[in-house]
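**Q** Below you will find the structure I want to go over with you.
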2 protein chains.
Amino acid sequence: MANCLDQLKRDGAKMTKTRRLLVELFERCRLPLSETEIRQALAARGRPVNKTTVYRELAALIARGLVQQVDFGDRKLRFELAGHHHHLVCTGCRKVQDIHVRHDTGRIERLAKAQKHFIIRRHSLEFFGLCQACAKDA
Amino acid sequence: MANCLDQLKRDGAKMTKTRRLLVELFERCRLPLSETEIRQALAARGRPVNKTTVYRELAALIARGLVQQVDFGDRKLRFELAGHHHHLVCTGCRKVQDIHVRHDTGRIERLAKAQKHFIIRRHSLEFFGLCQACAKDA
DNA sequence: TTGACAAACGCAACTAAGTTGCATTAAGAT
DNA sequence: ATCTTAATGCAACTTAGTTGCGTTTGTCAA
């Protein structure tokens, strides 16, 4: 992760306060964040930024492969440190947890190739349901 | 599927031309459609409708369990006949194909319950990559 | 067949998320 | 210290979806 900041530097990027804070934020929190959440977090740390800046910063980090987009179907983009994760999304309180899942994508990739001549590059797998607290209420 | 139209009737719904065409469209096409695509298709069949109507109609069908939402992460809602599907989404031409996948959700559900006290209700699993035509170009 | 009632509809105005163009500010190298 | 260029803010815009309200149209019963 630190080498990614190095990479940024190498191709002419500047080490701004915003960029440092943003990477820090992702590393500490390790969960998908929306643009709004990111701006709130940065503002709370004394760095209020425009939403345009957030999107541009994210685009830069995504282009370098540091950050990736996640998608929970609420038509809101979310972002997290790159790496293959899956999540448990609570439909009650919207809280998100990581979950480790071993699953055999190879089989499906071969199937798609053989039957549909389709080359799978990536997949998304997300789980929706109720967290402990919300299950109690229901 | 026909019994779903019956069900609609039973609780006071009217059999409008739009509704008939819409259900027909879903049954014939069997792939996730966006609001825009739906309106184009209806217009092509001589029934131009307002987007508000489309969304309301979809809400009614979803409420009855006839239709479900799908999500390909392009912050656009899509809709298809209810039932558990997975898709191959071409990132080149955006074409979508169904794919049949057997996979063991039971294991993961038990895991989520045991480790995180999380009750999984549903999941989404979508594959992104290149279809035959687009793979050639790349 | 007709008339009444509720569902369906269209329209216009609105919200929320994300994007773009342009002028200004500020890293950081020389 | 200065200069170059990345980073930033702002305002205006786009796209997807929602809401309120007045009008139209199925449907059912008389």
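The values are calculated or read from the model by the stated rules, or taken from the named source; none is laboratory data. Note that the coordinates shown come from a computational prediction; the quantities given were computed from them, not determined experimentally. Ideal geometry is used to build each Cβ from the backbone, glycine not excepted, and the neighbour counts take in all protein chains shown. Side chains are part of the model used for accessible areas, which takes the heavy atoms of the whole protein and leaves out ligands, DNA and RNA. Shrake-Rupley method; radii C 1.70, N 1.55, O 1.52, S 1.80 Å.
**Q** Counting partner chain Cβ atoms within 10 Å of every residue's Cβ in A:92-100, what's the average?
**A** 2
**Q** Kindly flag which residue pairs out of A:K51/A:K95; A:K116/B:K51; A:K14/A:K51; A:K116/B:K116; B:K17/B:K76; A:K9/A:K51 have an alpha-carbon separation exceeding 28 Å in this structure.
**A** Where the Cα-Cα span goes over 28 Å, the pairs concerned are A:K116/B:K51; A:K116/B:K116.
**Q** A follow-up question, please. Specify the inter-centroid distance of segment A:92-128 and segment B:69-138, based on alpha-carbon positions, in whole Å.
**A** 7
**Q** If you plug each phi of segment B:95-100 into the Karplus form 6.51 cos²θ - 1.76 cosθ + 1.60 with θ = phi - 60°, what whole-Hz ³J(HN,Hα) values come out, in order, with x for Gly and Pro?
**A** Along segment B:95-100, the couplings run 5, 10, 10, 6, 9, 8 Hz.
**Q** If you count the DSSP beta bridges with both ends in segment A:84-138, what percent of them are antiparallel, to the nearest 5?
**A** 50
**Q** Hey, another quick one. Mind giving me the FRET efficiency for A:R64 and B:E27? R0 is 41 Å, r the Cβ-Cβ distance, nearest 0.05 is fine.
**A** After rounding to 0.05, the efficiency reads 0.35.
**Q** Just for the Cα atoms in chain A, what are the lengths along the principal axes, largest first, rounded to whole Å?
**A** That works out to 48, 45, 24 Å along the principal axes.
**Q** Determine the gain in length on full extension of the stretch B:R47-B:A138; use 0.36 nm per residue of separation and subtract their C-alpha separation, reporting nm with one decimal. Walk me through the numbers on the way to the answer.
**A** Details: separation 91, 0.36 × 91 = 32.76 nm, distance 3.91 nm.
That pair, B:R47 and B:A138, stretches by 28.9 nm at full extension.
**Q** A further question on this structure: Give the long-range amide H neighbours of A:L77: residues separated by 5 or more places, or on another chain, with amide H under 5 Å away, using H modelled in the peptide plane at 1.01 Å from N.
**A** none
**Q** Keeping all protein chains in the complex and leaving out DNA, RNA and ligands, what accessible area do you get for A:S34 with a 1.4 Å probe, in Å² to the nearest 10?
**A** 10
**Q** While we're here: Summing +1 for each Lys or Arg and -1 for each Asp or Glu, what net charge is found among the other residues whose Cβ lies under 14 Å from the Cβ of A:D104?
**A** +3
**Q** Once the protein assembly as shown is represented by equal point scatterers at the alpha-carbon sites, with solvent omitted, what log10 I(q)/I(0) does the Debye formula produce at q = 0.10, 0.14, 0.15 Å⁻¹?
**A** For the protein assembly as shown at q = 0.10, 0.14, 0.15 Å⁻¹, log10 I(q)/I(0) is -0.67, -1.19, -1.28.
**Q** Continuing with the same structure: Give me the one-decimal nm value for the distance between modelled label points at B:H84 and B:L5, 7 Å along each residue's Cα-to-Cβ direction.
**A** Here the answer is 2.9 nm between the modelled labels.
**Q** Just tell me how shielded B:125-133 is by partners: mean number of partner chain Cβ atoms within 10 Å of each residue's Cβ, no decimals.
**A** Rounded to a whole number, the mean comes out at 6.
**Q** Take the eigenvalues of the Cα gyration tensor for segment B:84-138, scale each by 5, and report the square roots as semi-axes in whole Å, largest first.
**A** 32, 10, 9
**Q** For B:109-119, what's the mean count of beta carbons from other chains sitting within 10 Å of each residue's beta carbon?
**A** If you average over the peptide's residues, the count of other-chain Cβ atoms is 5.
**Q** Next up: Residues with beta-carbon under 12 Å from that of B:A41, excluding B:A41: net charge, scoring Lys, Arg +1 and Asp, Glu -1?
**A** Net charge in that neighbourhood comes out at +1.
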